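Here's the structure we're looking at; comments come further down.
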Amino acid sequence: MADEPTAPASVSVQCPICSRDFKPSAINAHLDRCLVDGGGGGGGGGCPSTPEEDGPPPKKPRVSPDGKVSAVSPGGAGASSSGMFSVFRKNKNNAVAEADTRAAERTRHPQAAPNGAAVTKKSPPPWDRIAIDKPLAEKLRPNTLEEYFGQNKVVGEHTLLRSLLESQEVPSLVLWGPPGCGKTTLAHIIASGSKAKGTARFVSLSATSASTADVREVIKQAQNELRLCKRKTILFIDEIHRFNKSQQDTFLPHVECGTVTLIGATTENPSFQVNAALLSRCRVLVLEKLSVEAMGSILRRAVASLGIRVLGPDPTGPERQDRADGYEPTVYIEQKALDTIAHLCDGDARAGLNGLQLAVQARVGAARMKPPGEDGSAQRIVVQEDHVKEGLQRSHILYDKAGEEHYNCISALHKSMRGSHENASLYWLGRMLEGGEDPLYVARRLVRFASEDVGLADPSALPQAVSAYQACHFIGMPECEVILAQCVLYLARAEKSVEVYKAYGNVKACLRNHKGPLPPVPLHLRNAPTRLMKQLGYAKGYKYNPSFSAPVEQEYLPQELRGTDFFTWMPSDP
């Protein structure tokens, strides 16, 4: 070593393990020490640079992977290759990560045993899962029909579909219902049963993100699966109404021949949004909005799975007396708060569960910022009605201006005014306006109603409706809502007469059902502005009514229709 040239004082050598710079004379001793410590002996990922590194480092006891303690001499024959060169092993990162995890556990729980000894970690309370970033509605999605609440008419006991699902004879389905009623959940229950018994392969796509190429690829895989493994494929398409008509046609031949069993979910009326040819190959299941009772069952299942105790006449849930030693306090929820969620979520299980999660998270987060009690006991957190109201505000009304709800509400408004029910008329008007409906659309329908249903019984109804339309056009929302309400009440209270509506309907039926050419206009009713027309008999024999003091007897209908009274006339079958 004496023959080696002396390096300049300014030259430094970098350690390949801890990436620190050292003098050339000290690098060998540092390497021996750094290899034994695994590069973690000092801050910043490297061993500290000390004057002692100019000489050989002392022997250091270490714990081998099998738990034996041995004294290892750096660079000596007794050095364990697995210990000295552990930094070069393939799973170095895993080992370092495990060491960091153990150190973090010792920091959180000072009572844990040192030197890597086994630590018995107390499991967190079950409801602590509510803090996970996944929504509660997704975490608690049921996997069996026994846990599926609120749709007994469709999949209840002794129903045809229940028998088919239990026997794994799944037909092609279109699930139609409002948001949060359980369409996707029912599809996942079918998938769970199919996977458990191995009778079918389940593939899920969303029409909001999938393309026709994705669908063709799934169908191709389904064909191979059926040919090679004799196993069918269940294809679930969420929001199937997002596919246009040509994209929906892609499913037709494959659903027809049984290559795939299609399950589509939609919030829109499939009569309008799904191809008639595809609809004829599927069974439509109408899922209703969840009732308050069904929502109560869903919420009780949620709080039971989270270990939250319900405060009420019949409290449920486990009693917990956790100490404030790093674990969470006890959480309670009032029965009245659960009832409020069940009413405010408007039959939407997803909104109800996520509202519950938000309320509990807010209360737990606030409690964590407070110190424990004087006796060291955990705090007692109670989720009250006001907390869930704040977390689950009814900020919108289920109403789609371009969907079925639009037509349902305007029909309800029209029929309520026809029945002279003032309160119902105002209610449906409010449902539409608060849901974002265009006030001019409502005003146009009121103009139609004034003539169709009120008619000649109150001739001033039509000017009232036209004035309301003009006022809405001038003012706009929200000021025009009271104008519409006034017009709705006027029309609801007005006398009703549909004789004009029926008479004109009979005229249209007469024209449609007439066989052969329509009868000509009688000559005496025709105008005769020229000499030729007068010579042909136009206007001949016409009696000018103002010239007579008494009513004039003359015919105004064609010869074939003389004596017809369209107010009492009934169209004959064509």
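The values are calculated or read from the model by the stated rules, or taken from the named source; none is laboratory data. The model shown is predicted, which means the values in this text are computed figures rather than measured ones. Cβ atoms come from the backbone with ideal geometry, glycine included; neighbour counts cover every protein chain shown. Note: accessible area is taken over every heavy atom of the protein model, side chains too, but ligands, DNA and RNA are not part of it. Shrake-Rupley method; radii C 1.70, N 1.55, O 1.52, S 1.80 Å.
Does residue 505 satisfy being at positive phi and of a type in the set (Gly, Ala, Ser)? No.
When segment 271-291 is filtered for residues that are closer than 20 Å to residue 181 by Cα and surrounded by fewer than 15 Cβ atoms within 10 Å (Cβ to Cβ), the ones remaining, listed by number, are 271, 283, 286, 291.
All of (1) crowded, with 17+ Cβ neighbours inside 10 Å; (2) within 18 Å of residue 178 (Cα to Cα); (3) free of Cβ contacts under 8 Å to residues at least 40 places away in the same chain hold for residue 266 with one exception: (3).
Of everything in segment 261-277 that's out of contact with any Lys or Arg (no Cβ under 7 Å at 6 or more places or on another chain) and modelled with pLDDT of 90 or more, which residue is farthest from residue 354 (Cα to Cα)? It comes out as 262.
Any residue at all in segment 503-526 that's at pLDDT below 85 and either within 30 Å of residue 454 (Cβ to Cβ) or in contact with a strand residue (DSSP E or B) (Cβ under 7 Å, 6 or more places away or on another chain) (or both)? So far as segment 503-526 goes, yes, one or more of its residues are at pLDDT below 85 and either within 30 Å of residue 454 (Cβ to Cβ) or in contact with a strand residue (DSSP E or B) (Cβ under 7 Å, 6 or more places away or on another chain) (or both). Taking residue 488, is it more than 26 Å from residue 569 (Cα to Cα), among the hydrophobic types (A, V, I, L, M, F, W, C), in contact (Cβ under 8 Å) with a residue 24 or more places away in the chain and in contact with a Ser or Thr (Cβ under 9 Å, 6 or more places away or on another chain)? So residue 488 fits the description; yes.
What residue, among those in segment 129-188 that are basic (Lys, Arg) and more than 20 Å from the chain's Cα centre (by Cα), is modelled with the lowest pLDDT? Here the answer is 129. Scanning segment 205-216 for residues that are touching a Leu at 6+ places or on another chain (Cβ under 8 Å) and surrounded by fewer than 21 Cβ atoms within 10 Å (Cβ to Cβ) turns up 205, 214.
Whenever a residue of segment 15-43 is modelled with pLDDT of 75 or more, its partners that are among the aromatic types (Phe, Trp, Tyr) and open to solvent by less than 70 Å² (accessible area, probe 1.4 Å), lying with C-beta atoms within less than 8 angstrom and at least six residues away or across chains, give the pairs 15/22; 30/22. Each residue in segment 476-510 was checked for being among the hydroxyl-bearing types (Ser, Thr, Tyr) and under 44 Å from the mean Cα position of the chain (by Cα), and 2 pass. Here the condition is being open to solvent by 30 Å² or more (accessible area, probe 1.4 Å), of a type outside the set (Phe, Trp, Tyr), in contact (Cβ under 8 Å) with a residue 24 or more places away in the chain and assigned to a helix (DSSP H, G or I); of 502, 496, it holds for 502 alone. Within segment 253-263, the residues that satisfy the criterion of being open to solvent by less than 10 Å² (accessible area, probe 1.4 Å) and either of a type in the set (Asp, Glu) or under 22 Å from the mean Cα position of the chain (by Cα) (or both) are 262, 263. For segment 530-572, the set of residues classified as open to solvent by less than 70 Å² (accessible area, probe 1.4 Å) and of a type in the set (A, V, I, L, M, F, W, C) consists of 533, 539, 550, 552, 557, 561, 566, 569, listed by residue number. Filtering segment 228-247 to residues that are out of contact with any Ser or Thr (no Cβ under 6 Å at 6 or more places or on another chain) and among the aromatic types (Phe, Trp, Tyr) leaves only 243. For segment 293-340, taking the residues that are under 18 Å from residue 138 (Cα atoms), touching a Lys or Arg at 6+ places or on another chain (Cβ under 9 Å) and not small (Gly, Ala, Ser), the one that is modelled with the highest pLDDT is identified as 303. Checking each residue in segment 461-482 for being within 18 Å of residue 434 (Cβ to Cβ) and either among the basic types (Lys, Arg) or open to solvent by 40 Å² or more (accessible area, probe 1.4 Å) (or both) picks out 475, 477, 478, 479, 481, 482.
Among residues of segment 285-301 that are farther than 13 Å from residue 343 by Cβ, those with a beta-carbon under 8 Å from a residue that is acidic (Asp, Glu) and loosely packed, with under 15 Cβ neighbours inside 10 Å at least six positions away or on a different chain give the pairs 301/147. Of the residues making up segment 448-460, those that are over 17 Å from residue 415 (Cβ atoms) and either free of Cβ contacts under 8 Å to residues at least 24 places away in the same chain or crowded, with 19+ Cβ neighbours inside 10 Å (or both) are 459, 460. Scanning segment 165-192 for residues that are without any contact (Cβ under 8 Å) to a residue 12 or more places away in the chain and open to solvent by less than 50 Å² (accessible area, probe 1.4 Å) returns no hits. Inspection of segment 219-228 finds a residue satisfying the criterion of being of a type in the set (Val, Ile, Thr) and under 20 Å from residue 258 (Cα atoms).
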